[in-house]
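In what follows, a single structure is set out as structure tokens and then discussed.
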Amino acid sequence: MDRRDILELCRTPLRLGNRDLATRFFLAPLAGYTHLAFRTVLRRLGGLGLATTDLVQATMLWSESRKSLELVATNAEDRPLSVQIFSGRTDDLVKAAKWLQDHGYQGIDINMGCPMAKVNGAGGGARLMCNTDGAVRMVDQVIKSVQLPVTVKMRLGWDATALTAPQLAASLENAGVAGVTIHGRTRAQGFQGTVNRDGIRQVVQAVKSMPVIANGDVRTPEDAITMLQETGCAGVAIGRGAMLDPWIFRRIQRVASGETGNTDPTSDEQISFLEQHFTLMMDQHAERSCILFRKFAAWYGARLGIPDDLEDRLRRFETPGEFAEIVEQIRERHGERACTIPTALLKVPNGPVEHW
Ligand SMILES: Cc1cc2nc3c(=O)[nH]c(=O)nc-3n(C[C@H](O)[C@H](O)[C@H](O)COP(=O)(O)O)c2cc1C
């Protein structure tokens, strides 16, 4: 496809199972970051087609642990949404899927990409890619037990010698999966190296008509366009790129509709993003938000160019009133420190993947 066709594709909605999504650009789950408040404020910026919750352990979900219920907390504005579950046991996945259906959720995503030892050791996450027949049987049981669309998020395979994604995706399509997301790295790679778009293309070529959502290293609208062009994928999921630049989904739509010129958010828009994020966290967590919000202080500091002393106060404030005062000062002193795109603030594990 030439660039004009790709731009048109970017403006075209995507059907995924029984859902019509306004755009084909999704938020990839980032455990610890893509919570309800962050998803909601991203949605308000426009251009986001689908968001998925952080991964939730299936047993913890159907047994309604407090932490799991927090992870799947949602509301009418937080749509369309899929809930991502993981387990190495079919009965747990089935129970969690039924729980989600009974509680009014609209989509289920099964994690087959997580490289963490804790998840893989119990047979879940990327470990499922080592036994593709078993993985397909498992997903088949989930599909048969609910009416909700079921998607799967996976990597290219366990390691370079076991690139099972194309075969697994084709079998999952036959089982009735609504779509798959492929992070173009193996489990052994962790987050190392660059994403393998050729590997993603092989998955696209292995399926008949099921949408394949490509994922990995998309940081700009041009990266998203390249991903569509080089892989032939139906859509793109963006994780870290949305943390670096929450306006990326809106920017993609602007580029797709031929808008040229500055697509940067104004300083008012950026400060409003900060305020909304905190207010939405208050809706869910009340005063505890003052503590939960601290982990975003450095991110906002860099993103909004918040003077160091105010960034420091964002890390220590104790009441919503204090937060409001800090925001007032951020507004007044905007421009004192240069805005930079934060890079190192979203930590990915490093060292040998076996120890994660
Ligand atoms: C901090 C962090 C948490 C993540 N949590 C999840 C998760 O809960 N479920 C999942 O499927 N992938 C998770 N991922 C993987 C991302 O969804 C995505 O596949 C990966 O970061 C590559 O895409 P990106 O370059 O757009 O971030 C996580 C990644 C990071 C860095």
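The values are calculated or read from the model by the stated rules, or taken from the named source; none is laboratory data. Quantities reported herein were computed from a predicted structural model and do not represent experimental measurements. Positions of Cβ are generated from backbone atoms using ideal geometry, with glycine treated the same way; all protein chains shown enter the neighbour counts. Accessible surface is based on the protein model in full, side chains and every heavy atom, while ligands, DNA and RNA are left aside. Shrake-Rupley method; radii C 1.70, N 1.55, O 1.52, S 1.80 Å.
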Identity of the residue in region 49-66, aliphatic (A, V, I, L, M) and open to solvent by 20 Å² or more (accessible area, probe 1.4 Å), that ends up nearest to the ligand (Cβ to nearest atom): LEU55
Among the residues of region 275-283, are any among the β-branched types (Val, Ile, Thr), closer than 25 Å to GLU70 by Cα and not in a loop (DSSP other than H, G, I, E, B)? yes
If I ask for residues that are over 23 Å from LEU21 (Cα atoms), out of contact with any helix residue (DSSP H, G or I) (no Cβ under 8 Å at 6 or more places or on another chain) and modelled with pLDDT of 95 or more, which ones from region 86-126 would you list? ASP91
Return the residues of region 86-122 that are away from the ligand (no atom under 16 Å from the Cβ) and free of Cβ contacts under 8 Å to residues at least 40 places away in the same chain; say none if nothing qualifies. ARG89, ASP91, ASP92, LYS95, TRP99, ASP102, HIS103, GLY104, GLY121
Condition test on THR226, is it hydroxyl-bearing (Ser, Thr, Tyr), within 26 Å of THR74 (Cβ to Cβ) and modelled with pLDDT of 95 or more? no
For residues that are in a helix (DSSP H, G or I) and more than 16 Å from the ligand (Cβ to nearest atom), scanning just region 238-262, find the one that is most open to solvent (accessible area, probe 1.4 Å). ARG254
Taking first residues from region 288-308 that are over 13 Å from PHE323 (Cβ atoms) and second residues anywhere that are assigned to a helix (DSSP H, G or I) and open to solvent by 10 Å² or more (accessible area, probe 1.4 Å), the pairs with Cβ under 6 Å that are 6 or more apart or on different chains are GLY301/GLU311; LEU304/GLN270
Any pair with Cβ under 7 angstrom, 6 or more apart, that starts in region 205-232 at a residue that is closer than 18 Å to LEU156 by Cα and ends at one that is open to solvent by less than 50 Å² (accessible area, probe 1.4 Å) and of a type in the set (Phe, Trp, Tyr): ILE213/PHE26
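Determine whether ALA234 is within 10 Å of the ligand (Cβ to nearest atom) and touching a strand residue (DSSP E or B) at 6+ places or on another chain (Cβ under 7 Å).
Here the answer is no, as ALA234 does not meet what is asked.
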Scanning region 16-29 for residues that are touching a residue at least 40 places away in the same chain (Cβ under 8 Å) and either open to solvent by 30 Å² or more (accessible area, probe 1.4 Å) or more than 13 Å from the ligand (Cβ to nearest atom) (or both) gives LEU16, GLY17, ASN18, ARG19, LEU21, THR23, ARG24
So, in region 139-171, of the ones that are among the polar types (S, T, N, Q) and touching a residue at least 40 places away in the same chain (Cβ under 8 Å), which residue ends up surrounded by the most Cβ atoms within 10 Å (Cβ to Cβ)? THR151
Given the options VAL218, VAL207, VAL177, name the one that is out of contact with any Leu (no Cβ under 7 Å at 6 or more places or on another chain) and within 10 Å of the ligand (Cβ to nearest atom). VAL218
Name the single residue that is farthest from the ligand (Cβ to nearest atom) among those in region 180-204 being open to solvent by 50 Å² or more (accessible area, probe 1.4 Å) and more than 18 Å from GLN229 (Cβ to Cβ). ALA188
